[in-house]
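Student: Sharing a structure with you now.
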Amino acid sequence: MNLFRSEEHVRRWAGFDPASAGGILPAAELHAKLFARFGRYRERLAPDYLYRVAELSAGMLDALAEVSGGSSFWKPR
Amino acid sequence: MNEELARAYHIVMRSFVDTGRAPHYTDIAREMGTEPEHARLLLHELTSMRLPNWLSPGTDLIASFAPFSNIPNHHRVSVDGEQRWFAQCGLEALALGHLFPGRTVDVASTCLDCGDAIRLTLRDASLVALEPSSVVAHSNVPLADWYVDVGKS
C-alpha cells in the first residue's frame, strides 16, 4: 500500500496493475472515515487491545465500502 | 486469546513507540520474565493471527508490525521533529497520530510515480495537513488476498 500525489500518478506508475483501479482511495477521506474513528487504530496502546481487536473493528468494512464507493476490491474473502 | 499473547503484543507496540524499532524476542522474554524460547514461540503465534504483523521470512525477527515498519522505507516518520520511525505502508501511516498522544507526527513519503514529496501531519485523531491535498492511497492487491501475501499489498 503506497501513497501517490493523485489518482493520475497511480495510473501512470510503472508498477500499476490496471485490475487494481478499485484499490485507489482518497487519503483524506480514508483518514476521516476509518483511521480517525475506529478503535482498531485508536487503541493500539491499550494493554488489552488484542482481546478487543475484533470488537474495535466492528463497522470498519462498511466504512471502507463507503470510502471505496462499494468497490468489490475492498471486500473480504 | 491468552494473556501472555496480549502482553507480548503490548510490549512490541510499546517498543516501537518508545524506540522506533521492534524488540528482539529475548527483549520480550526479559520484560515478561519468561524463557527466551517461550517468547520466541509467542512471537511466532502473534505474527500468525491475521493481523498486519509479520516476521522477516525464515527468521525470528519482526519485519513489520502495524502501523510501524522495522525496515527503513520511504515512509519516514518524525515525532515533534525527531525522525526515528517508519510507517508500515501508506495506509497505516494515517493511523500514527493515535500512538503519540498530544504530539505532532509528520510523515514524509514519496510518490512512486514521480518521486516528488508527499507530506502528512497528524495530531491525535486529526489530519492536520496533507500535501498535496489530492493524495491517494493505493493497493495493488484486493483486500481478500492481503493475507495471501500481505507484503505486496
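The values are calculated or read from the model by the stated rules, or taken from the named source; none is laboratory data. Values in this document were obtained by computation on a predicted structure and should not be read as measured data. Heads up, the Cβs are rebuilt from the backbone with ideal geometry, glycines too, and the neighbour counts pull from every protein chain shown. All accessible areas refer to the heavy atoms of the entire protein, side chains included, with ligands and DNA or RNA removed. Shrake-Rupley method; radii C 1.70, N 1.55, O 1.52, S 1.80 Å.
Student: Using the basic label-point model (7 angstrom from Cα toward the beta carbon), what is the B:HIS44 to A:ALA19 distance in nanometres?
Tutor: 3.3
Student: Counting only protein chains, not ligands or nucleic acids, how are B:CYS89, B:CYS114 ordered by accessible area (probe 1.4 Å), most first?
Tutor: Details: B:CYS89 20, B:CYS114 55 Å².
Order by accessible area, largest first: B:CYS114, B:CYS89.
Student: Restricting to Cα pairs below 8 Å that are 6+ residues apart, what does the relative contact order work out to for chain B? Please round to a whole percent.
Tutor: Working: 246 pairs, mean separation 20.2, N = 153.
Worked out over chain B, it gives 13 percent.
Student: Would you calculate, for the protein assembly as shown, the mean residue ellipticity at 222 nm contributed by helices, counting each DSSP H stretch of 4 or more residues as -39,500 (n - 2.57) and dividing by all residues, to the nearest 500?
Tutor: Working: 9 runs with 70 residues, N = 230.
Helices in the protein assembly as shown give a 222 nm mean residue ellipticity of -8000 deg cm²/dmol.
Student: Between rounded, prolate and oblate, where does the range B:3-65 land on the alpha carbon gyration tensor, with a ≥ b ≥ c its root eigenvalues, rounded for a/c under 1.5, else prolate if a/b exceeds b/c? If you can, show how the numbers build up before the last one.
Tutor: Numbers: a/c = 1.33, a/b = 1.11, b/c = 1.21.
It is rounded, given that a/c, with a ≥ b ≥ c, falls under 1.5.
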